[in-house]
Amino acid sequence: MNLRSPKLSRLLFHLLLAFLPAAVQAQTPLLPAAKSPTAKPTPSAGPQFSEQQLQEMIAKLQGRIQHAADAVIGRIEKMEADIHLRFSYLRKPARLDPNSYGSKDDITSWRTSVQQLRDMENTLDKLYANAETDLGTALVQQQINPAIADQIRNELLKSFPWPTIKKKSELMKQFIDAHEELLAFYDKNWGAWKRGPTPGTAVFDDPNVSATFQTLKGKINTIGQQIDDQYTALVQ
């Protein structure tokens, strides 16, 4: 996952342009630009800075904003990456082939893995829910003027693809529920299948059991593909 895309980098640049005048007022005054000996004094319109001093302040402010964004968005990105990796394991065809399970102990192990994915998804939801507060705190901790920090935080939050984030979260919960159903099915019907005519398939003597299995497989594959689509949209 990469929420810190070039699009966000461009946003940070525009934020600098928008908030630099106010940010300059909040900085510790630096040496003013040198004046010509023959220059006549003019009424002061606020702090005057040389081109070099402005560039230094831009770089300093940019670094502070980027550091604050990295601290908050970085945590989200890491959790997104961990979830995507675990999700990818569950998307492998072997998970939908009961013949790949050597014993009921394997079912128990995968149940633990699915529960861990649920816990991680809940943590991710909390990180997104707390992003507003966390970004505000991180910006202030970077010694950015609180009023300016609030505006920057709000602009950063607008860069989050919230509809995609919400949809992916809903689908992930459905995917986890469906996998728990599948594992419960394996546990209940252990030994009721045999290898199918093609690799990675299983057949059941009871047509009703077979229909239930196919329904679960179809649900997991459909939701999984929808989640893949949301991940694609998330990084665009």
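What follows draws every value from the coordinates through simple rules; no lab data is involved. Since the model is a prediction, treat every value here as computed from it, not as a measurement. In this analysis, Cβ positions are derived from the backbone assuming ideal geometry, glycine residues included, and neighbour counts consider all displayed protein chains.
Taking neighbour Cβ counts within 10 Å as the exposure measure, how do 179, 84 sort from fewest upward?
In order of increasing Cβ crowding within 10 Å: 84, 179.
Pull out a ≥ b ≥ c, the square roots of the eigenvalues of the alpha-carbon gyration tensor of region 124-236, then state rounded if a/c is under 1.5, prolate if not and a/b is larger than b/c, and oblate in the remaining case.
Verdict is prolate for region 124-236.
Taking the Cβ-Cβ separation of residue 82 and residue 141 as r and a Förster radius of 35 Å, what is the calculated FRET efficiency to the nearest 0.05?
So the FRET efficiency works out to roughly 0.90.
Return the FRET efficiency for the residue pair residue 105, residue 201: r is the Cβ-Cβ distance, R0 is 30 Å, and the value is rounded to the nearest 0.05.
Calculated transfer efficiency: 0.85.
According to the square roots a ≥ b ≥ c of the eigenvalues of the Cα gyration tensor, what is the shape class of region 174-236, taking rounded for a/c under 1.5, prolate for a/b larger than b/c otherwise, and oblate for the remainder?
Note, shape of region 174-236 comes out prolate.
How big is the dipole moment of region 126-236 about its Cα centre under a simple scheme where the beta carbon of each Lys and Arg is +1, that of each Asp and Glu is -1, and everything else is neutral? Debye, nearest 20, please.
160
Specify which residue in the list 165, 138, 189 is farthest towards the positive end of the charge dipole of region 131-210, using unit charges on the beta carbon of Lys, Arg (+1) and Asp, Glu (-1), about the Cα centre.
It is 165.
May I ask for the distance between the Cα centers of region 163-202 and region 63-134, given as a whole number of Å?
17
With respect to the cross-link table entries 173/217; 188/217; 92/126; 92/166; 78/219; 173/194, which display a Cα-Cα separation exceeding 19 Å?
The pairs that break the limit, which is 19 Å between Cα atoms, are 92/126; 92/166; 78/219; 173/194.
Which order, highest average first, do 200-210, 70-80, 109-119 follow once you tally other Cβ atoms within 10 Å for each residue and take the mean per peptide?
My ranking of the peptides, most packed first, is 70-80, 109-119, 200-210.
Using the Cα centre of region 82-180 as the reference point, and only Cβ charges (+1 on K/R, -1 on D/E), how large is the resulting charge dipole? Debye, rounded to the nearest 20.
260
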